[in-house]
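Every number here is computed from the coordinates shown, using simple stated rules; none is lab data. All figures in this text were calculated on a predicted structure; none of them were measured in a lab. When we count neighbours, we look across all protein chains shown, and the Cβ atoms used for this are built from the backbone with ideal geometry, even at glycine.
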Amino acid sequence: MSPQTTETKPNIPTPRTYEPEEKIFSTSPLASATRTKDILAILVTALPILGALGTFFCWTASNFYVGDVEVQTSRPFSTITVKVFDSKGSEATFHTPKFQLMPGDYHLIISTDNNGAQQADTNVAFHAKTKVQVELPSDLDRTEAQPQPTKTKRFWQFWK
């Protein structure tokens, strides 16, 4: 071949240079395992701490975010039953004249010494004492209110 003739060189692709894949994605088994281990170590440490903080918050809210309710009667009694209903329909029963409730509006059904039940509505405020006045019937009123048994006399029972 003469120097004046031009020949085409065969198409040989030139090698391209790339960054190593480990540098870009770092998907080597060792790097992935250590990253997972670090994440799990953080979770194992953080979850009990978050659980303890949540438990402490619920305990303080239930013990200190309350108001006092006191049922006062016109005369002494030996037993009392107070049924408390809130606006959602939840019911609680107390057997003491003093108890604590979360703030809100409540409906009370109060019965003492097997007397008739009396109803009252009250609003309980945070860190406030709510007094509920109840008028109990006296012993004389209770005996007058009870109907006297009537004697029915039939014609064949002449001895009555």
Packing-ranked peptide list from 73-81, 107-115, 40-48, highest mean Cβ count within 10 angstrom first, is 107-115, 73-81, 40-48
Expected sort for Trp59, Trp156 with the fewest Cβ neighbours (10 Å cutoff) up front is Trp156, Trp59
Taking R0 as 35 Å and r as the Cβ-Cβ distance between Ser78 and Leu47, the FRET efficiency 1/(1 + (r/R0)^6), rounded to the nearest 0.05, comes to 0.10
